[in-house]
Structure formats: C-alpha cells, structure tokens
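See structure below.
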Amino acid sequence: EHAAVSTNKPYYITTPIFYVNAVPHIGHLHSVVLADTLKRFQEMKGRKGLLSTGTDEHGLKASIQQAAAAAEVSEKELCDRVSQRFKALFDAANISYTTFIRTTDMNHAVAVKEMWNDLWNKGYIYKGQHEGWYSVSDEAFYASTQVEEKTDEKTGEKYHVSIETGKAVEWTTEENYKFKLSEFTEPLLNWLDKNPEGKYNEVREWLQQGLSDLSVSRPRSRLTWGIPIPGDDSHVMYVWMDALTNYLTVTGYPWRGIMGAQKATGGWPADAQIVGKDILRFHAVYWPAFLMAAGLELPKKIVAHAHWTQSKMKMSKSIGNVVDPFTAMEEFGTDTIRFYLMNDGGLSDDADYSSELVAGRYRKLLAGQLGNLLSRSTSLALNPSKKVPSPPSEGNIHPDDLALWNKLKELPEKVDQSMTQFRTTQATHHIFDMLAEANANFSHGEPWKLVKDPSNKERVDQLIWNALESTRMAALLLQPIIPTKSSEILDQLGVRGDERSWEHAQRGRGWAADQEARSVATGGPMFPPLKK
Ligand code: ME8
C-alpha cells in the first residue's frame, strides 16, 4: 500500500521563472525544453507529470520602470505584455506546462506571506542592519569587489562608483529583516554529502567559506514594486525569497483549508528543478535553507545546465547578443529547434549557438539519418505489400545484422540512463549512433539489388524489418524531444497510440497484437530540404 502511494506521486519538475524586463531568448527556451523533455520522458514511463514555469515580476524596480518607460506603458502593462510573450513562446514550442505562474498572482502573495510568517514564528527572521555600497540611481547594493575608487579631476575629491554601471555609490546602512542563513552551513553540507553531483562541488566551496545572514527585505521607500512584509508595511520582500517560493505556490502550498486541499497537487517535493548555472547559488543554498527552516522537504535534485553563447559570449539581455526563438522556430521548425537545443546544449559545457549548426544537425541527423531511414523502410519498390515483416528469431540473425541487433537491444537502457541523469545530449547521441548503424546495415545489404531476384525475398524482408524496427525505436525514444515529428513518423509506421509508451521501446515490441493487419504508409519526405 505504502509503496503504491509513493510511486503515485506525480513527477514534478520546475523551470526558473523569468524576469519580465526583457523578451525571451533561446537560453530561456532551453531550460523550458529541457524540463518538458524530462517530464514527457517520465510520462512515457507511466508517471503523471507536473511542469511549472512562469514569470518573476517583482523587484528590479529600476529595470522594469525603465523598460516600461521606454515602451511607453505602465509597469503593470509591461509585465502583462512580456509575461504573455513568454507564455506564447512556450505554447509555440509545444511545452506541456501544467502551470504558468506569475509572481503578481494573488495566490502567490498568500503563499509568500505564509512562508514569511512561518520563518518569523520559528525565529529564523530578525530585524537587523544591512550595510554596503549603495547606488541611488541603480537602486542596488554592490559588494566591495564590484566597486572602484575614482578621483574628481577638478576638486581632487575621491568617490566610488559601481564598476558595472559607472554610477556613484555611497556607503549606506539601512534597517532590514534578516534570515539566519549562517545557521545552515552544516545542514547544507550534510545535504550535499547525501546528493553527490558534479555541479554541487562549486556549492560546497561556497559553503566552506561560511555563510552570513541574508537580508530578506527592502525598505519600501526605495522599492514599492513587491510583496509587503506581513505586519510591517514599511518593507517589501526580497525578490529572491518571493521568487523561490513560486515552486511551492503552484503545488497549492500551504496545503490546508478547503481551498488548499483542493489545490494541492501532491507535487512537493519537486523531483527536479532545472536552473541555469548563473542562479545555482540561489537554488542550492538559499532555497534549501529556507525549506529546512520551514521544516519542509527538500527538492530531490537541482539540475544546473550550462549556457548558450554567441561568439563565445553568454547570450544575455544586457549584452544584447540574443537569438530570437520565435524567428528560429519559424525558420527551422519547432521540433528542429527543440532537437538542436537538447542535442547540443549540455549540463557542463557552454554551447555556441549558430544557425549553420542548426541547419547542419537538420541535414545530417534529422533528414540524413532519421528521415532517410524512414523513407528507406517504407519504400514501395522494396515492399509493395506495405506489410511489416515478422521479426527474425533470436537464433537466426544474419551475421551482417548482429551489430544492429545488439544496438537495438541495448539502446533503451542507455537512453534511460542518460535521461535519468538529465543528459539529453547523451540520449540523442545513443539514438543517432543506432540510426547510423541501421542506415549502414541497409546500404551494405543493398536490398534494391536483391529484390530483382524473388529467391532473395527472405533477406529483403529482414533488411526491411531492420530498417522499420530501427526507425520505430528511434521515433519512440525521441518522443520527449521532438513530439510532433515522432508522432507523424509513428503514424506512418502504423504504430498505434497505445503502443508508444516505455514498455514498447524494446526491440521486437512494436506492432504487437495484430501485426498481420497493419501496414505502413508511404509519404513525402518527413524532413524536406531547407528553403535556403
Ligand atoms: O534569473 N543560456 O531570471 P532570468 C542558457 N527571475 N540558459 C539561459 C541563458 C543562456 N545564455 N540565459 C538565461 C532569473 N538562461 C530569476 C529566476 S527562479 C526562482 C528566479 C535561463 O530571466 C537559465 O535558466 O534572468 C537562467 O538560469 C535563467 O534563464 C535566468 O532567467
């Protein structure tokens, strides 16, 4: 009974919620496609999936104000407009999100206040002082390392500026609420010890330097755009405390009362939280510390991925070197971009975006391997009956087919392992390695020559089965990454809707019941030549 309960827990995966001071780019899309791929993979294996994404609309008063002024709209209108654009992107990219949260939603304010009150009541928040280099025009504090000293040429007076923005800063002290982050150094190290992972080494190094308490409020006098602190209207919530709590809000936190019980999804703790490596500190230090303080369960995995660059520089709104994902999907197709992101964008190494490379992957892999094998396997000239030949029996494998036969056997396990480690680049590598072998098997077998002599029928059928089965396995395993194209391919192969889940992703488990009655369909090229 108990085991059944725990395996019934939905697979809950999250993406960062994105700032609305700039429109979405390819990097944002990457995080969301990765989360969607992993969710779809779990659904293929029979679990219910929850995927949450959305927009982070508080804080950053200056940037949002400036962006709104530049666009000649109000702050609220700007938030609506940009948030809508993120949502439209995720719809266009076929992201199967189950919630799209905006931190300006009413239920989110309720959840954030609940979190605050809980930490306050448990004694983890106190009133203290925050000191640092403050820039009035940037409305930001800077660390000493972000500040440099200058000398006024006329007066000879010394003053300080932010290195990044060049704006004057002054040493400032203000009253703040603080979170006792320093108490969590040891508990966090213990947590990391139990969850060994590559990127966590970096986190461990931060922790070993020791943590100081974290300022979790801002005076309302300089930041009005935020959630007020319960019981003290003169302060608003620090934007990261507000933003991180979104992962609980969408699960129905605080999970009590009539409303709470209705809204509870059973998703928490999250199974995986996808983030870019730029925000790992917030997710692997602050977030688990807040959760520990509140006595809540910790996420099972924080997955940090590397960045997309252009000419080796991180793609970012502040540099302005961004790729518009709408344009890219229009030019190459949604599934092509999804495929490119998952095939080339990894967890450890940054990847440099290039349209030539997108086109190259399309030509060589999608059209050259997958599309090519599909048209070979459904060739009317070789298989006028369009029937799916019977699979060979285990002891009767043609020597030329052994390598492929074994690859087909090992493939699901390899893909499973890669996906379980969030390594989509490895998963596609294994799938296309099998497809290359399948195409070589076909070319080497030369069925177009053999078919001229009817006595070769058995061998021709074997070669067709090899190609069909390889195409079926590839399309099935690629479903989480290229859902639309996979579905079209499987339709063409006569694979029924109820034959597309994980248990069918095994050599010889296709076309199960009434294979005799099935036939494949011929069609135009699945991946037609690119326009230019
Ligand atoms: O940090 N390559 O929002 P944000 C890959 N609101 N991924 C990239 C990327 C790139 N070049 N650029 C951005 C925030 N990303 C906060 C998050 S969460 C509680 C609050 C992706 O709009 C990546 O996931 O700056 C990165 O972590 C995120 O967008 C930052 O988005």
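The values are calculated or read from the model by the stated rules, or taken from the named source; none is laboratory data. What you see is a predicted model, and the numbers here were worked out from it, not measured in a lab. Cβ atoms come from the backbone with ideal geometry, glycine included; neighbour counts cover every protein chain shown. These accessible areas exclude ligands, DNA and RNA; they are computed on the full protein's heavy atoms, side chains included. Shrake-Rupley method; radii C 1.70, N 1.55, O 1.52, S 1.80 Å.
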From the list PHE18, PHE41, which one is of a type in the set (Phe, Trp, Tyr), at pLDDT 95 or above, open to solvent by less than 50 Å² (accessible area, probe 1.4 Å) and within 15 Å of the ligand (Cβ to nearest atom)? PHE18
Having 2 or more residues that are of a type in the set (Gly, Ala, Ser) is the bar; report the strands (runs of 3 or more DSSP E) wholly within the stretch 115-195 that clear it. 125-135
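Condition check ((1) free of Cβ contacts under 8 Å to residues at least 12 places away in the same chain; (2) under 18 Å from THR424 (Cα atoms); (3) surrounded by fewer than 20 Cβ atoms within 10 Å (Cβ to Cβ)) across all residues:
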residue: ASP335; (1), (2), (3): no, yes, no
residue: GLY346; (1), (2), (3): no, yes, yes
residue: TYR353; (1), (2), (3): no, yes, no
residue: GLY360; (1), (2), (3): yes, no, yes
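This table checks each residue for (1) over 19 Å from ASP118 (Cα atoms); (2) small (Gly, Ala, Ser); (3) open to solvent by 10 Å² or more (accessible area, probe 1.4 Å); (4) within 13 Å of the ligand (Cβ to nearest atom).
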position: TYR247; (1), (2), (3), (4): no, no, no, yes
position: VAL250; (1), (2), (3), (4): no, no, yes, yes
position: GLY257; (1), (2), (3), (4): no, yes, yes, no
position: ALA284; (1), (2), (3), (4): yes, yes, no, yes
position: MET292; (1), (2), (3), (4): no, no, yes, no
Are any residues in the stretch 162-198 closer than 18 Å to TYR134 by Cα, within 37 Å of the chain's Cα centre (by Cα) and of a type in the set (A, V, I, L, M, F, W, C), and if so, which ones? ILE163
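Rundown of residues vs (1) closer than 29 Å to ASN94 by Cβ; (2) within 12 Å of the ligand (Cβ to nearest atom), yes/no style:
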site	(1), (2)
ILE279	yes, yes
TRP287	yes, yes
GLU297	no, no
TRP308	yes, yes
SER348	yes, no
Exactly one condition in (1) of a type outside the set (D, E, K, R); (2) within 16 Å of the ligand (Cβ to nearest atom); (3) under 28 Å from ARG85 (Cβ atoms) is not met by THR224; state its number. (2)
Would you please name the residue that is nearest to SER519 (Cα to Cα), looking only at residues in the stretch 452-465 that are open to solvent by 10 Å² or more (accessible area, probe 1.4 Å) and touching a residue at least 40 places away in the same chain (Cβ under 8 Å)? ASP461
Determine, yes or no, whether LYS407 is open to solvent by 70 Å² or more (accessible area, probe 1.4 Å), touching a helix residue (DSSP H, G or I) at 6+ places or on another chain (Cβ under 6 Å) and either without any contact (Cβ under 8 Å) to a residue 60 or more places away in the chain or under 30 Å from LYS45 (Cβ atoms) (or both). no
